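The values are calculated or read from the model by the stated rules, or taken from the named source; none is laboratory data. All figures in this text were calculated on a predicted structure; none of them were measured in a lab. Quick reminder, even Gly has a Cβ in these numbers, built from the backbone with ideal geometry, and neighbours come from all protein chains shown. Surface areas here come from the heavy atoms of the whole protein model, side chains and all, with no ligands, DNA or RNA. Shrake-Rupley method; radii C 1.70, N 1.55, O 1.52, S 1.80 Å.
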Amino acid sequence: MTAYIIRRILWQIPVLVIVGLLTFGIAKMTPGGPFDTDPTRRQMSPQVEAVLRDRFGMDLPFWRQFTRYMFLDVVTDPKTGEQAIRWGAIGGNFGPTYSSRGARTVQQELFGERGGKPSRFYYSARLGVQALLFAVLLGIPMGVLAALKQNTWIDYLVLLTSTFFVSLSTLIVGFLLVLIFASGLQWFTVLPNWNDPIRPWILPTIALGSTSLGFITRLTRSSVLEVKRQDYVRTAQAKGLNDQVVVWRHMLKNAVLPVITILGPLSAALITGTLYTEIIFQVPGMGSLLIEAIGKRDYSMIMAGALVFVFFLGLANLMVDIAYGVVDPRISYK
């Protein structure tokens, strides 16, 4: 397994490079630039813009801009004249942000504390993990229960609930939760207090995990119904094994494999921030910051958002593949 994990990690490098190249190319081809698309700043003089373009290397050839951002760059100290290697995004250095004119780095914006508060990544990651746990811990038992009670009122109720959540987007669910529980019943505040460790997280967690909950529930139900008809399940039941033993020891291990498959891309998307949920509930996460970066043509921030997502997607898929072997010993990593 160790060799398999190492191979998968090494394969992430060319994937990151390809995604970085495509993202960088699309960003550069988009009309406008970081110094003329930000409506919150005054129009700068041509002299100042020339200095900034030189500082960020925007006048260099495309391949040179990409390699210095993605891999490394040789910088010269203006005082001593000594040269040093400055690693790029592959080394974890996403560079300065264009919107701050180089005053702040991408790492500070995404992963740094702000006035004693946690980083934007913390808010997005915590919200995503909570939403994923909410969807999994409720979706799998509901799907199993619906399959075992097929064609009963319980099955119909679970199907109705899951279809409702799948049909509605996170945006609609978020607005409904705010209208009902914040504005109507006033169980929660419309303007959240993020110093509270629990209350402001409840509604955005439900909103973000609702669609995933419905999808996981329906997928689990379908998988259990398929496994339920297999010969080895009938044999176990014929031997007189307890129904709970048959379900949890024999059926669920095989039925949960399709659910595990979708958890890879699902967890990456949730952890790296979801725009609608963060805007509706005013979560100070990464989603809104990355959208603003696209509008302002903040190339370094755009690249960082794409690379962080791909990194977590690869990590989540690797964990999914490892979970396959844990759930089903018949699966080999060779």
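So if I take the alpha carbon set of segment 124-197, get Rg, then get Rh from the Kirkwood formula, what is the Rg over Rh ratio? Can you show the working numbers first?
On the way: Rg = 15.5 Å, Rh = 14.6 Å.
Taking Rg over the Kirkwood Rh, I get 1.06.
Taken about its Cα centre, segment 14-171 carries a charge dipole of about 240 debye when Lys and Arg each add +1 at the Cβ and Asp and Glu each add -1 at the Cβ.
Taking label positions 7 Å along the Cα-Cβ direction at both residue 1 and residue 45, the computed distance is 6.4 nm, reported to one decimal. Farthest toward the positive end of the dipole of the chain, out of 14, 194, 50, is the Cα of 14, where the dipole comes from beta carbon charges about the Cα centre. Distance between the pseudo-spin-label points of residue 244 and residue 199 (7 Å out from Cα toward the beta carbon): 3.8 nm.
Report, to the nearest whole %, how much of the accessible area of the chain belongs to carbon and sulfur atoms, 1.4 Å probe, protein only. Can you show the working numbers first?
Numbers: 12140 of 18590 Å².
It is 65 percent, rounded to a whole number.
Take the convex hull of the alpha carbons in segment 88-147; its mean projected area over all directions comes to 6.6 nm².
Ordered by packing density, taken as the mean number of other Cβ atoms within 10 Å over each peptide's residues, highest first, how do 221-234, 303-316 rank? Please list the in-between numbers first.
Numbers: 221-234: 15.8, 303-316: 20.6.
By packing density, highest mean first, the sequence is 303-316, 221-234.
At the residue level, residue 296 shows approximately 50 square angstrom of accessible surface with a 1.4 angstrom probe and all protein chains present. Extending 7 Å from Cα along the Cβ direction at residue 104 and again at residue 261 yields two label points whose distance is 4.2 nm. Each of 127, 22 has its accessible area taken with a 1.4 Å probe; listed largest first, they run 22, 127. Hydrodynamic estimate: the Kirkwood radius of segment 169-235 over Cα pairs, inserted into Stokes-Einstein at 25 °C and 0.890 mPa s, corresponds to D of 171 µm²/s. For 176, 133, 252, the ranking by accessible surface with the largest value first comes to 133, 176, 252, using a 1.4 Å probe. Close amide H pairs (under 5 Å, H built 1.01 Å from N) link residue 112 with 120, residues at least 5 positions away or on another chain.
For segment 72-178, the pair-distance distribution built from all alpha carbon pairs, in bins 10 Å wide starting at 0, is 11, 22, 22, 17, 13, 10, 4, 2 percent. In plain terms, the bigger the Kirkwood radius, the slower the diffusion; for segment 200-309, with that radius from Cα pairs, at 37 °C and 0.692 mPa s, Stokes-Einstein puts D at 193 µm²/s.
Rounded to the nearest 10 square angstrom, residue 120 shows an accessible area of 50 square angstrom against a 1.4 Å probe.
Charges at C-beta only: +1 for Lys and Arg, -1 for Asp and Glu. How large is the resulting dipole of the chain about its Cα centre, in Debye rounded to 20?
Values: 31 positive and 20 negative charges, 116 e Å.
The calculated dipole for the chain is roughly 560 debye.
Percent of Cα pairs in segment 1-119 per distance bin of 10 Å, from zero to the largest separation: 10, 33, 35, 18, 4, 1.
Computed log10 I(q)/I(0) for the chain at 0.06, 0.11, 0.12 Å⁻¹: -0.30, -0.87, -0.98, from the Debye equation with unit scatterers placed on every C-alpha and solvent omitted.
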